[in-house]
Structures are given as C-alpha cells and as structure tokens.
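Trainee: A single structure is presented below for examination.
The values are calculated or read from the model by the stated rules, or taken from the named source; none is laboratory data. Bear in mind that the values here come from a model prediction, so they are computed numbers and not experimental data. So basically every Cβ, Gly included, is an ideal-geometry build from the backbone, and we count neighbours across all protein chains shown.
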Amino acid sequence: MRYEETEVGICKECGCTLTTPCIDQKFGSCWWMDKNQNLCSHCFYGLNMEEVDV
Ligand SMILES: [Zn+2]
Ligand SMILES: [Zn+2]
C-alpha cells in the first residue's frame with residue numbers, strides 16, 4: 001500500500017488553505033469536507049463554479 005502524495009490542508013480543486021480560504025458572500029469562508037483536508041466546502045458544493053448574479 002502506498003499513500004497518495006497529497007498535501008494535507010490544501011484543497012485539490014482550488015488550492016485554498018486555512019490561511020487563504022475561499023470567501024463566499026453568502027457562506028463566508030470555506031471549511032474542510034474531509035479528514036485529509038483536500039476538498040473544501042466551496043468546491044464540494046460547487047460554489048467556486050457558480051457565477052452568482054447580484
Ligand atoms: Zn476548494
Ligand atoms: Zn476553499
């Protein structure tokens with residue numbers, strides 16, 4: 001068994017970290033969706049994809 005060499009604490013989708021989280025107007029800053037901290041909530045919910053019309 002080999003562990004994948006993914007860094008803990010960096011979103012694999014958008015590359016955000018705890019110190020540089022995504023900020024959403026509605027939901028605020030993102031949080032981790034998984035234990036390994038490789039997927040943040042904004043990528044999980046697709047907030048980073050959506051263009052929000054104001
Ligand atoms: Zn992300
Ligand atoms: Zn994020």
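Trainee: Test Gly46 against the criterion of being assigned to a loop (DSSP other than H, G, I, E, B), more than 11 Å from ligand 2 (Cβ to nearest atom) and modelled with pLDDT of 90 or more, and give yes or no.
Mentor: For Gly46, the condition - assigned to a loop (DSSP other than H, G, I, E, B), more than 11 Å from ligand 2 (Cβ to nearest atom) and modelled with pLDDT of 90 or more - is met.
Trainee: I need every pair where a residue in segment 26-44 that is among the polar types (S, T, N, Q) has its Cβ under 6 Å from the Cβ of a residue that is within 8 Å of ligand 1 (Cβ to nearest atom), sequence separation at least 6 or different chains.
Mentor: Asn38/Lys12; Ser41/Cys30
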